[in-house]
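S.K.: Mind having a look at this structure? Questions to follow.
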Amino acid sequence: MKNIVILISGSGSNMAAIVHAAARERWAQRFGARVAAVISNKAGAPGLALAQAQGIATAVIPHQDFATREAFDAALADAVDAHAPALVVLAGFMRILTPGFVARYEGRLINIHPSLLPAFPGLHTHRRAIEAGCRVAGVTVHQVTVELDHGPILAQAVVPVLPDDTPETLSARVLAQEHRVYPQAIADWLYETK
Ligand code: GRF
């Protein structure tokens with residue numbers, strides 16, 4: 001069985017979309033793959049309860065318990081490796097990973113970013129897209145490399161920026177596409193590596 005490990009920090013709506021797609025699209029039968037674990041750096045992350053309700057193993061590695069980024073990433077890698085992952089999925093995981101962590105999972109570590117990369121890496125993507133006068137915005141699924149929000153692009157989706165958009169309304173429109181594109185990109189990856 002190919003194990004997928006998902007890392008979250010917050011609401012986990014992308015994680016939920018992936019878990020639901022895995023069940024609905026029968027990833028276990030089609031690709032021999034399953035979501036084996038959900039790991040959060042925040043104890044209260046609402047996504048953890050949802051994962052538990054689905055019978056998925058969960059773990060919390062609180063980043064503030066570690067003196068350095070390297071120490072946190074080493075503990076995180078131990079928790080991830082406990083599930084022997086074929087694929088590690090960052091889904092709203094709000095920590096910058098060390099080069100050592102990224103290298104360890106090279107080629108099997110992916111992220112979703114709420115902009116049309118290479119435009120607007122980093123935070124506040126929706127406000128920045130509106131302020132720049134963009135007529136379209138969107139979402140990117142990409143392989144993770146050492147440079148933040150870079151790496152080979154696996155999938156993108158475009159949404160319009162409407163004249164009266166706020167960061168919140170634009171974010172909601174993009175998030176709806178995230179929930180479609182991320183599971184699809186993972187299913188494509190599973191198909192290609194079958
Ligand atoms: C998403 O917009 C994702 O693209 C960004 O953080 C948000 C996470 O949302 N990196 P959720 O936790 O999946 O609901």
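S.K.: Nearest 0.05, what FRET efficiency do residue 169 and residue 84 give at R0 = 41 Å with Cβ-Cβ as r?
M.R.: Calculated value: 0.50.
S.K.: Further, regarding this structure: Under 13 Å from the Cβ of residue 170, count the other residues' Cβ atoms, weight Lys and Arg +1, Asp and Glu -1, and hand me the total.
M.R.: With Lys, Arg at +1 and Asp, Glu at -1, the net is -1.
S.K.: Gain in length, residue 158 to residue 68, computed as 0.36 nm per residue apart minus the alpha-carbon separation, to one decimal in nm?
M.R.: 28.7 nm
S.K.: Continuing with this model, one more query. Restricting to bridges with both residues inside the chain, how much of the DSSP beta-bridge set is antiparallel, in percent to the nearest 5?
M.R.: Approximately 35 percent, going by the DSSP bridge assignments.
S.K.: Report the full-extension gain for the segment residue 11 to residue 29: residue separation times 0.36 nm, less the Cα-Cα distance, to one decimal in nm.
M.R.: This chain segment gains 3.6 nm when fully extended.
S.K.: Taking the Cα centre of the chain as the origin and placing charges on Cβ (Lys, Arg +1; Asp, Glu -1), which of 64, 74, 172 is farthest toward the positive end of the dipole?
M.R.: Going by the Cα projections, it comes out as 172.
S.K.: Which net charge results when you count Lys and Arg as +1 and Asp and Glu as -1 among the other residues whose beta-carbon is under 13 Å from that of residue 193?
M.R.: That sum, taken over residues with Cβ under 13 Å, equals +2.
S.K.: If one takes the longest principal axis of the Cα atoms in the chain, at what angle in degrees, from 0 to 90 and to the nearest 10, does the Cα axis of helix 69-81 lie?
M.R.: 60 degrees
S.K.: Can you sort 115, 13 by 1.4 Å-probe accessible area, starting with the largest?
M.R.: Heavy-atom accessible area, descending, gives 13, 115.
S.K.: Helix-only mean residue ellipticity at 222 nm, the chain, DSSP H runs n ≥ 4 weighted -39,500 (n - 2.57), per residue, nearest 500. What is it?
M.R.: The helix contribution divided over the chain gives -12000 deg cm²/dmol.
The values are calculated or read from the model by the stated rules, or taken from the named source; none is laboratory data. This structure is a prediction, so every number in the text was calculated from the model and none was measured. Here the Cβ is made from the backbone with ideal geometry for all residues, glycine too, and neighbour counts use every protein chain on show. Side chains included, ligands, DNA and RNA excluded: accessible areas come from the protein's heavy atoms. Shrake-Rupley method; radii C 1.70, N 1.55, O 1.52, S 1.80 Å.
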